[in-house]
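Everything below concerns the one structure shown next.
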Amino acid sequence: NAGVTQTPKFQVLKTGQSMTLQCAQDMNHEYMSWYRQDPGMGLRLIHYSVGAGITDQGEVPNGYNVSRSTTEDFPLRLLSAAPSQTSVYFCASSYAQRGSPGELFFGEGSRLTVL
Amino acid sequence: AQKITQTQPGMFVQEKEAVTLDCTYDTSDPSYGLFWYKQPSSGEMIFLIYQGSYDQQNATEGRYSLNFQKARKSANLVISASQLGDSAMYFCAMRERRGFKTIFGAGTRLFVKA
């Protein structure tokens with residue numbers, strides 16, 4: 001099983017450019033989410049989804065869009081990149097059923113630099 | 001509002017000794033889960049241990065145990081017999097049953113000394 005696959009692993013953008021970080025999981029997880037990791041700030045939740053067609057904002061949603069058209073895929077879009085969005089991005093998924101712990105399975109991370 | 005606090009930016013421990021990493025949380029949801037994850041220098045996130053809010057016993061997984069004090073809203077991670085390979089960032093996380101979203105603390109960097 002591939003688990004959670006994130007692409008690209010590295011990306012350099014110029015201010016104002018747009019891009020999409022791709023995330024796919026093959027574990028039939030209902031819950032998918034995006035985090036950004038910055039030094040000293042841990043992982044901050046950007047957006048999350050509990051199923052196809054359902055998305056919600058996390059702690060730091062501004063500047064990011066998501067959609068969930070299938071159970072497997074949860075892309076993260078930066079419409080107009082800013083230097084403040086330079087970060088490492090993680091996609092994570094889990095089961096979302098009562099009675100299951102719901103530990104997160106993470107992708108390998110995507111390092112984004114905005115110049 | 002959901003909140004996780006880790007007050008120790010860095011910790012040192014001697015090899016083979018035990019170490020406790022602190023985590024406090026806040027939530028209005030009576031049903032929630034608490035997690036610890038490890039992030040080695042290679043960058044991947046590794047799930048270590050889980051504690052449910054209604055679990056009567058503290059969770060244990062090998063050398064990891066979770067000291068859960070519900071009234072104090074704390075969920076400290078105890079690592080027994082530290083090994084050099086335990087040097088990493090450790091994150092405490094919480095998932096509310098209502099909505100399922102999971103948030104993380106700022107993390108604690110653990111250094112194990114030989």
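For region A:20-47, the candidate set comprises residues that are of a type in the set (A, V, I, L, M) and within 7 Å of chain B (Cβ to nearest Cβ); within that set, the residue that is farthest from A:GLU108 (Cα to Cα) is A:MET41.
Residues of region A:16-70 that are touching a residue at least 60 places away in the same chain (Cβ under 8 Å), small (Gly, Ala, Ser) and touching a strand residue (DSSP E or B) at 6+ places or on another chain (Cβ under 7 Å): A:SER18, A:SER33. Just one of the numbered conditions (1) more than 13 Å from chain B (Cβ to nearest Cβ); (2) over 21 Å from B:GLY107 (Cα atoms); (3) more than 11 Å from the chain's Cα centre (by Cα) is not true of A:VAL50: (1).
Exactly one residue out of B:ARG63, B:ARG72 is open to solvent by 60 Å² or more (accessible area, probe 1.4 Å), more than 14 Å from chain A (Cβ to nearest Cβ), under 14 Å from the mean Cα position of the chain (by Cα) and not hydrophobic (A, V, I, L, M, F, W, C), and it is B:ARG63.
Counting only residues that are open to solvent by 30 Å² or more (accessible area, probe 1.4 Å) and within 21 Å of B:LYS70 (Cα to Cα), region B:9-30 holds 6 of them.
All of (1) within 14 Å of chain A (Cβ to nearest Cβ); (2) without any contact (Cβ under 8 Å) to a residue 12 or more places away in the chain hold for B:PRO40 with one exception: (2). Can you pull out the residues in region B:75-114 that are open to solvent by 10 Å² or more (accessible area, probe 1.4 Å), farther than 17 Å from B:GLN39 by Cα and within 14 Å of chain A (Cβ to nearest Cβ)? Passing the criteria: B:GLU96, B:ARG97, B:ARG98, B:GLY99, B:PHE100, B:LYS101.
Summed over region A:1-39, the residues that are open to solvent by 40 Å² or more (accessible area, probe 1.4 Å) and among the charged types (D, E, K, R) give a count of 4.
If you go through region A:53-103 and keep only what is among the hydrophobic types (A, V, I, L, M, F, W, C) and facing another protein chain (nearest Cβ under 10 Å), you end up with A:VAL88, A:PHE90, A:ALA92, A:ALA96.
The values are calculated or read from the model by the stated rules, or taken from the named source; none is laboratory data. The model shown is predicted, which means the values in this text are computed figures rather than measured ones. Reconstructed Cβ throughout: ideal geometry from the backbone, glycine too, with neighbour counts over all protein chains shown. The area values use the complete protein model at the heavy-atom level, side chains included, leaving out ligands, DNA and RNA. Shrake-Rupley method; radii C 1.70, N 1.55, O 1.52, S 1.80 Å.
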